[in-house]
Amino acid sequence: MRRTSRKVCWPLSTCLVVTLAACTSSGRSDQGAAHEPGPTASSKAIPSAPPSIDGSAPEPCTAPVDVLPEPPAGYRLVGEDVAVPDRAVLQAQESGEADPAARLFAKWGLVVRGGAVIDLRVAPGWEDRARVGWGSATVPAVTAHIRACAPVGAEPRWLAFVGGTWVARAACLPLTIRSRGQAVQVRLGVGISCESTDPPRS
């Protein structure tokens, strides 16, 4: 096993240095330069799963890349527990993925309130042309499940996860986010502004 330090820059106010542990095995290899498959949390606050009441194994925490006091500048809240980039266009590039629905990749950090459990999926009708994914071992999928374990003994904070969205081609991508039994929808311009795809208003 070798450890390397890599500077990860994404739409937060700073560039973060993340330590990655690279293990060679016969399993899935690196996803390529377009995205980072296995970020680990910064050492200043690594959330861990609390023990379950019935003694069963707890649901594993999704590995964050940072813990924040609040959503960073340039982000907007979607519902109560999630913040997404407030940019008109998320820059996309060729991903190298074999899946035609994941041809282009836009890398951006998802920010989730500590303690929240969310499910994020591409909207109905987009299953054959978009994918999402955040956290360790990021794999393009129609849905993403994230458990943002709050730091032990700390006040609720926000956790940042590396990942992003994949699309077959530049699009205004609708995503559905479920948290606390409620669902909200957000649209993100991946490679193109949503305003440029909206029909003209009368």
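Among the candidates GLY114, GLY125, GLY164, which residue alone is crowded, with 17+ Cβ neighbours inside 10 Å and on the phi > 0 side of the Ramachandran plot? Give the derivation first.
Numbers: GLY114 fails: on the phi > 0 side of the Ramachandran plot; GLY125 fails: crowded, with 17+ Cβ neighbours inside 10 Å.
Only one candidate passes the filter, namely GLY164.
Please determine whether any residue of region 130-148 is modelled with pLDDT of 95 or more, open to solvent by 30 Å² or more (accessible area, probe 1.4 Å) and touching a helix residue (DSSP H, G or I) at 6+ places or on another chain (Cβ under 6 Å).
Checked against the condition, which is being modelled with pLDDT of 95 or more, open to solvent by 30 Å² or more (accessible area, probe 1.4 Å) and touching a helix residue (DSSP H, G or I) at 6+ places or on another chain (Cβ under 6 Å), region 130-148 yields at least one hit.
Would you be able to tell me the number of residues in region 90-131 that are of a type in the set (A, V, I, L, M) and farther than 25 Å from PRO151 by Cα? Even if it seems obvious, please write down each step before you answer.
Initially, region 90-131 is screened for residues of a type in the set (A, V, I, L, M), giving 90, 92, 98, 101-102, 104, 106, 110-112, 116-118, 120, 122-123, 130.
Those left that are additionally farther than 25 Å from PRO151 by Cα: 90, 92, 98, 101-102, 104, 106, 122-123, 130.
The total comes to 10.
Do the conditions hold for ARG187, that is, is it surrounded by 22 or more Cβ atoms within 10 Å (Cβ to Cβ) and in a strand (DSSP E or B)? So that I can check it myself, show each step before the final result.
Numbers: surrounded by 22 or more Cβ atoms within 10 Å (Cβ to Cβ): no; in a strand (DSSP E or B): yes.
Spelling it out, it is not the case that ARG187 is surrounded by 22 or more Cβ atoms within 10 Å (Cβ to Cβ) and in a strand (DSSP E or B).
The values are calculated or read from the model by the stated rules, or taken from the named source; none is laboratory data. Since the structure is predicted, the reported quantities are computational estimates derived from the model, not experimental observations. As a convention, Cβ positions derive from the backbone with ideal geometry for all residues, glycine included, and neighbour counts pool all protein chains shown. Ligands, DNA and RNA are excluded from the accessible area calculation, which covers all protein heavy atoms including side chains. Shrake-Rupley method; radii C 1.70, N 1.55, O 1.52, S 1.80 Å.
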